[in-house]
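Coordinate-derived values only; no laboratory data. What you see is a predicted model; the values in this text were computed from it and never measured. Glycine gets a Cβ as well: all are built from the backbone with ideal geometry, and neighbour counts include every protein chain shown.
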Amino acid sequence: MAFYNRTTNRAIGRGKTKKKVEKRKYRRKVFQSIRGMRDILPSDCVYYDYILQQAKKIFNFYGFKRMEPPILERLELFTKGVGVNTEIVEKEMYTLKTKDEGEILALRPEYTAGIARAYVENGMSNLVQPVKLYSFGPVFRHEKPQAGRFRQFYQLNLEAIGEGDPVIDVEVILAAKAFLESLGLKSSQLRLKINSIGCSICRPGYIKALKKYYSKHLKEICTLCQERLKTNPLRLLDCKNEKCQPFKEEAPFSLDYLCPDCREHFKKVLEVLDSLDVPYALDKTLVRGLDYYTKTVFEFFAVEEYKNEEGIIQEKKTLAVAGGGRYDDLIKIFGGSEKPAVGVAFGVERLISVLKQKEKKIISPQPLVFLVQIGDTAQRKALSILEEFRHENIALAENLGKSSLRAQLQNADKLNVHYALILGQKEVIDGMIILRDMRSGVQELIPLTSVISVIKKYLRQDATSSHSKK
Ligand code: AMP
């Protein structure tokens with residue numbers, strides 16, 4: 001059998017060449033990131049940092065404290081908490097078996113179950129309630145990767161545990177909204193959709209009605225929905241398949257089946273939102289995918305806008321950026337006392353795409369001074385000069401591994417620094433250093449002992465002049 005080069009279509013020799021091709025294929029497969037998982041490069045890390053920084057600012061202000069549960073938990077935590085028949089647990093978990101004890105562990109597909117476990121395990125019910133917590137980190141779901149959908153993605157998660165009053169639902173919604181607005185999203189670019197899916201008392205009646213209705217249309221709905229009817233009927237209302245849309249519209253809705261307690265709860269949530277002028281849309285098909293939800297469920301969408309030919313702002317598409325709701329039974333399921341709770345999770349990559357769409361450039365502070373060193377003596381001295389600057393909280397850019405003046409100045413140029421400090425053997429012996437203004441090219445020789453104070457003075461002058469220009 002002959003082998004052919006794919007680009008030239010020429011026959012290639014067997015043996016060695018085949019081996020080479022195989023090796024290349026192997027390398028390409030092994031030394032490549034896993035499908036749905038990406039490297040977060042420095043140019044994107046600044047967005048993650050920015051989002052966390054805004055989250056800290058806003059959520060601390062709303063009384064939330066940061067806590068981070070481990071990424072790995074026992075699989076059972078998610079089967080019991082999120083639900084065996086949910087898509088996340090049934091199809092999307094990354095699991096592993098430990099070598100020593102043979103325990104089945106799972107990479108967290110979401111935060112709430114881990115936080116609820118931590119609340120019980122760490123006796124947080126003895127603290128002032130509700131315990132308000134936020135977290136920021138990666139979660140893992142073996143979904144089909146597509147635009148805005150990854151297998152490893154970051155969530156920013158908010159929970160308020162230990163209080164059942166409907167005002168807490170609103171408080172979480174308000175904190176979420178304030179955070180989204182702090183990223184530059186205007187009220188008009190945000191949509192809040194809300195619904196109530198009832199509790200363990202009234203939901204069975206609703207599910208029964210839903211099953212009865214869909215059973216009549218079994219042959220007309222998509223195969224996934226036929227499956228959902230058996231395993232997770234609430235998800236029937238989530239279906240995006242064209243075929244199922246007419247049935248969704250006619251389906252029974254949870255709001256008509258709420259018990260008096262759930263009805264009263266939801267009424268108060270909406271009343272408080274109204275009294276605060278928080279816009280929302282009732283969405284009777286909003287059910288959320290996880291079993292632990294009770295009563296209020298909600299989602300935030302970001303609206304992408306564009307100007308049409310007449311310059312009028314139009315809506316392009318909406319992107320789900322956060323989802324949440326109440327989970328009043330989860331703490332009890334995990335062995336705690338009756339502690340109602342509510343939370344929300346933001347999709348960080350979705351927030352980043354919104355920031356990028358808005359052309360919000362997140363720039364991390366760059367050094368404005370570059371230290372050039374030429375020769376061994378200067379290289380050694382440069383290290384101690386760098387430390388002295390760091391003690392004064394001034395970051396210097398450098399290229400300590402390079403020795404050519406030209407190469408280092410080229411790098412300084414690329415980094416757009418304002419000043420280069422140039423140190424050669426002669427300067428070290430004389431206790432001097434050359435200060436070059438990179439914008440004008442003007443150079444001066446200054447004593448090493450005063451270099452920090454001179455740089456400080458120049459940077460101050462630059463800051464004042466750029467400020468007055470603004
Ligand atoms: P969920 O935990 O499914 O309620 O998701 C909360 C938020 O996380 C959603 O509103 C999305 O913004 C984001 N999200 C969910 N799944 C993914 C995914 N596979 N990739 C990226 N972001 C996601």
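Segment 290-366 and segment 376-397 have Cα centres lying 45 Å from one another. With Cα atoms defining each centre, segment 424-452 and segment 194-221 are spaced 78 Å apart in the structure.
Ranked for footprinting exposure by Cβ neighbours inside 10 Å, fewest first, THR223, THR95, THR285 give THR223, THR95, THR285.
With N denoting the number of residues in segment 369-469, provide Rg(C-alpha) divided by 2.2 N^0.38 Å, to two decimal places. Could the numbers behind the result be given before it?
Numbers: Rg = 13.0 Å, N = 101, 2.2 N^0.38 = 12.7 Å.
Normalised Cα radius of gyration, segment 369-469: 1.02.
May I ask for the net charge around ALA160, where only other residues with Cβ less than 13 Å from the Cβ of ALA160 are counted and Lys, Arg are +1 while Asp, Glu are -1?
Working: positive: LYS65, LYS132, ARG326, LYS339; negative: GLU159, GLU163, ASP165, ASP169, GLU171, ASP328.
Local net charge: -2.
Evaluating 6.51 cos²θ - 1.76 cosθ + 1.60 at θ = phi - 60° for every residue in segment 64-69, the Karplus couplings come out as 8, 10, 7, 9, 10, x Hz, glycine and proline recorded as x. Once the chain is represented by equal point scatterers at the alpha-carbon sites, with solvent omitted, what log10 I(q)/I(0) does the Debye formula produce at q = 0.06, 0.07, 0.09 Å⁻¹? Reported log10 I(q)/I(0), two decimals: -0.43, -0.56, -0.81.
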